[in-house]
1. When ranked by the protection proxy of mean other Cβ atoms within 10 Å per residue, highest first, what sequence do the peptides 90-101, 146-157 form?
2. Order of 45-54, 28-37, 200-209, 262-271 by packing, highest average Cβ count within 10 Å first?
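Bear in mind these aren't lab numbers, they're just calculated from the coordinates by the rules spelled out. Predicted, not measured: the structure shown is a model, and the values here were computed from it. Every residue, glycine as well, gets a Cβ built from its backbone with ideal geometry; the counts of neighbours run over all protein chains shown.
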Amino acid sequence: MKKLALIAILVFMKGLSMAQQLPQFSQYMFNQYAFNPAYAGVPTSWEAVTNNRYQWSGITDAPRTFTLSAQGPLRKENMGLGGYLYTDNVGPTRRLGFQTSYAYHVRLSETINLSFGLSLGFNQWMLDADKVTTYHPGDFYFSNGLLKTTDLDGKFGLYLYHDNWYVGASVEQMMHNKITFLATQISSESFMEDHFYVHGGYTFHLSENWDLDPSMLLKFGLPAPLKLDVNLRATYKKAIWAGVGYRTHDAVTAMVGYCHKNQLRIGYSFDFTTTDLRNYSSGTHELMLGFVFGKSKTGVQNNPSLE
């Protein structure tokens, strides 16, 4: 426990600039707004989606992530609003964030639309020093209980969409904040690096009852290597689905889900770890819940990823 806590501190204080810093999800296609604010207002109704991810089951103090987002169209069909809340826990560290966003939609043709989205909010990093055992008892830097730092942050995105397909791109952590704990004014060499996302998907209507939805999400944050998620999901009568996925240098995913009257969605996925962590972890669990709050008479077109 103490050894894992110390490892988490080292990763947190000195390794942030060497790896991707934002949480990841296997069921990303059901909550695209979480990483692309331009998605706000794409569906014709207001929606709320929550993701709960329990990573690397069996490892003490492994990452646990929770997100809650809500977005939808305004009465004018060319605008959308949304909000996003998340918490990410790793050992003695926790990250909490909230952002609100605005999106503007442009109709390029009868069937194709393009949206632009901007989010602004804050991030708070917390370190529970009481959970850290230092080499020297009474170490000044870890003698102040709960250390905190809060900074403004923002992200920007583009989203091109059609009834059967979509392509999007976004950038997060645009303000490049440097981590400074307010309680002690400790400033580390870690800062919030830009994170870039490119994502897309297509719906093949195989028959009256069956749809096939391939999708992908490409993630990049310097100097970490590219990470690619690819998924293939089959849906029966727009209600029951099952799928498989692969994340480079990480895991293979299996997922199932159900949609009740296009108002309540529930999905579960399990990641089979492909790295050496499989010797210590039984895998990663993720649960998704989605709620629809009625139809908008003048909203923008539906997106195939949510059908």
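1. Highest to lowest by the protection proxy: 90-101, 146-157.
2. Numbers: 45-54: 19.4, 28-37: 26.7, 200-209: 13.4, 262-271: 17.5.
The packing order, highest mean first, is 28-37, 45-54, 262-271, 200-209.
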